[in-house]
Amino acid sequence: MTRTFARFFLAAVFAFSFTALAQTAGADPGLPAAPSAAAATPDPAVVGTGNKIGTINIEQAIFASNEGQRDFEALSKKLEPKQTELKSMNDEVESLKKQLSNDKLNEESRGSLVKQVEEKQKKLERSVQDARDDAQSQQNDIAQRILQKMAPIIVKYAGDKGFGLIMDTSNPWPQGPVLWAGPSVDITKAIVDSYNVQSGVPAPTRPATKPAATGTKPGSSTGVTKPAATTTPPK
């Protein structure tokens, strides 16, 4: 989410193939963004009557939860075969491109090779985009499912602790509404701890693999896609 979730999901999954797509199609790889707490929260049973203002990083809370770490790690492993397949396709394209540097190719052979490269490059780009969309959809499903269960915990905690307003800091200002907030008003850890107790999911034996960038930020307030760090595309 600190923008960990913003740059979080699947550290290695699709990294190679997605940078290849960025090189050929100019795509901006992206990582899952904060789902909208308001959109996922039903009419709360608890009415805030306090006057305290608090903050929570929804993205960070989802990923830091035991359930989030477990499910995103499982998704990372699930997507590994597709990553291998896309890397193989990209290697084939790169191999054909190297053959074009052979000065001994006649005009007919070079034309045929150029056509192969173009066809396989287009197929690779389509495959990468399909994989990107599928992975992003699965990431979003996990985040939304956890948020649906976490939202009532946030509402109850806010009511019990006398908060009148809780603001999401997943998006830094000016993309988000909070210009600055000190750690003393942040309730992210408290919510994660409460959620872990309620979910009953044990802590992972090792840190979860952060899901990798898989899409561009949608206009919907319920989407969970956010731009991720761009890596250098293969030559």
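The table for this structure:
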read-out	value
Whole-Hz ³J(HN,Hα) from phi, Karplus 6.51 cos²θ - 1.76 cosθ + 1.60, for region 175-184, glycine and proline x	5, x, x, 9, 6, 7, 8, x, x, 5
Fully extended contour minus Cα-Cα distance, from residue 178 to residue 145, at 0.36 nm per residue	9.3 nm
At R0 = 22 Å, FRET efficiency that the Cβ-Cβ distance of residue 203 and residue 74 yields, to 0.05	0.90
Set 82/120; 78/189; 77/120; 87/120; 82/122; 77/189 screened for pairs whose C-alpha atoms are more than 21 Å apart	78/189; 77/120; 77/189
For region 42-166, average projected area of the Cα convex hull in nm²	11.0
Stretchable slack from residue 160 to residue 97, in nm (0.36 nm times residue separation minus alpha-carbon distance)	16.3 nm
Highest average packing first - 92-100, 125-133, 53-61, 139-147, Cβ atoms within 10 Å	53-61, 139-147, 125-133, 92-100
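Since every read-out is calculated from the coordinates, none of them should be taken as a lab result. Bear in mind that the values here come from a model prediction, so they are computed numbers and not experimental data. Note that each Cβ is placed from the backbone with ideal geometry, even for glycine, and that neighbours are counted across all protein chains shown.
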